[in-house]
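The values are calculated or read from the model by the stated rules, or taken from the named source; none is laboratory data. Since the model is a prediction, treat every value here as computed from it, not as a measurement. Heads up, the Cβs are rebuilt from the backbone with ideal geometry, glycines too, and the neighbour counts pull from every protein chain shown. Surface accessibility is based on the protein's heavy atoms, side chains included, excluding ligands, DNA and RNA. Shrake-Rupley method; radii C 1.70, N 1.55, O 1.52, S 1.80 Å.
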Amino acid sequence: MSKKEKKEEVVVRKLTPVLPDHLFVARTPDKGRAVFTSKAVKAGDTLEVAPMIVFSEKDRLSIDDTFLYEYYFEWGKKGKKGALALGFGSLYNHSYSPNARYIPDFDLNVLEFQAVRDIEPGEEITVNYNLDPEDQTPVWWERDAKKKKKKKSQHP
């Protein structure tokens, strides 16, 4: 057997960042900026593949005291790192009835946004920030608001 035959075939996984031209950002009356589509999207279609800027747990704790706190994702298999999505990735609003989901790839450092149902032209694209589109667990700002409310009611 020659050296060439002994070499194992190397499989290279690639997920090229994608930002289709039918996605756009516009202001909403109640949520600020939001991502919309100008064309119909079918369930299962990839909306965007966003590259991520990944930062350490230490940096994440520092960022928690800035406005970027609302825009980054917990990152890594243990969720201790943070990552800011490029493209429109950090601008999708939260919904407990989302029309899309995000799929993290911690090896390639990208987020894939995928439609979970058909989306009409002009419709806002939303994701459940809990990762699972069906997860109804309160998200961080709801948990924070409950903590603040408890503190206020305990200490007049």
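With a cap of 11 neighbouring Cβ atoms within 10 Å, and only residues DSSP puts in a loop, list the trypsin sites (Lys or Arg not before Pro) found in region 44-110.
On the way: sites: Lys58, Arg60, Lys77, Lys78, Lys80, Lys81, Arg101; in loops: Lys77, Lys78, Lys80.
Passing both the DSSP loop test and the Cβ count: Lys77, Lys78.
To the nearest 10, the accessible area of Tyr71 is 70 Å² with a 1.4 Å probe.
Remark: accessible surface ordering of Asp118, Asp64, Asp107 (largest first) is Asp107, Asp118, Asp64, probe radius 1.4 Å.
Per-residue Karplus couplings for region 37-50, computed as 6.51 cos²θ - 1.76 cosθ + 1.60 with θ equal to phi - 60°, are listed in order as 10, 9, 9, 5, 10, 8, 3, x, 5, 7, 8, 7, 10, 9 Hz, Gly and Pro entered as x.
Once you have the Cα-Cα distance between Trp141 and Tyr96, take 0.36 nm times their residue separation minus that, and quote the gain in nm to one decimal.
Numbers: separation 45, 0.36 × 45 = 16.20 nm, distance 1.39 nm.
Gain in length upon complete extension: 14.8 nm.
Over region 19-156, what relative contact order in percent results from Cα pairs under 8 Å that are six or more residues apart? Before the final figure, lay out each step's value.
Details: 259 pairs, mean separation 38.3, N = 138.
About 28 percent, as a whole number.
Just to make sure I understand: if all protein chains stay in place, what is the order of Phe113, Phe55 by accessible area at 1.4 Å, largest first? Mind dumping the intermediate values first?
Details: Phe113 0, Phe55 30 Å².
Final ranking, largest accessible area leading: Phe55, Phe113.
Calculate the FRET efficiency for Asp107 and Val25 from the Cβ-Cβ distance with a Förster distance of 25 Å, rounded to the nearest 0.05. Intermediate values should be presented prior to the final figure.
Details: r = 28 Å, r/R0 = 1.13.
Rounded to the nearest 0.05, the efficiency is 0.30.
Using R0 = 25 Å, the C-beta based FRET efficiency linking Asn130 and Lys58 works out to 0.50.
Can you check what the net charge comes to around Ala50, using other residues whose Cβ is under 12 Å from the Cβ of Ala50 (Lys, Arg +1; Asp, Glu -1)?
Details: positive: none; negative: Glu48, Asp105, Glu112.
My count for the surroundings of Ala50 gives -3.
Modelled this way, with points 7 Å down the Cα-to-C-beta line, the labels at Ser38 and Phe67 are 2.7 nm from one another. Determine which residues of region 23-41 fall in the zone a paramagnetic label at Glu120 would reach in this model, i.e. backbone nitrogen under 16 Å from the point 7 Å along Cα→Cβ. Residues 36-41 fall inside that zone. Phi-derived couplings, Karplus 6.51 cos²θ - 1.76 cosθ + 1.60 at θ = phi - 60°, listed residue by residue for region 115-129: 5, 9, 8, 4, 10, 7, x, x, 7, 5, 9, 10, 10, 8, 5 Hz, with x used for Gly and Pro.
In this structure the amide hydrogen of Asp118, modeled in the peptide plane, comes within under 5 Å of the amide hydrogens of Ala43, none closer than 5 places in sequence on its chain.
Sum up the charges of everything whose Cβ sits under 15 Å from the Cβ of Gly87, counting Lys and Arg as +1 and Asp and Glu as -1, but leave Gly87 out.
-3
If you take all other residues with their beta carbon under 15 Å from the beta carbon of Asp59, and give Lys and Arg +1 and Asp and Glu -1, the sum is 0.
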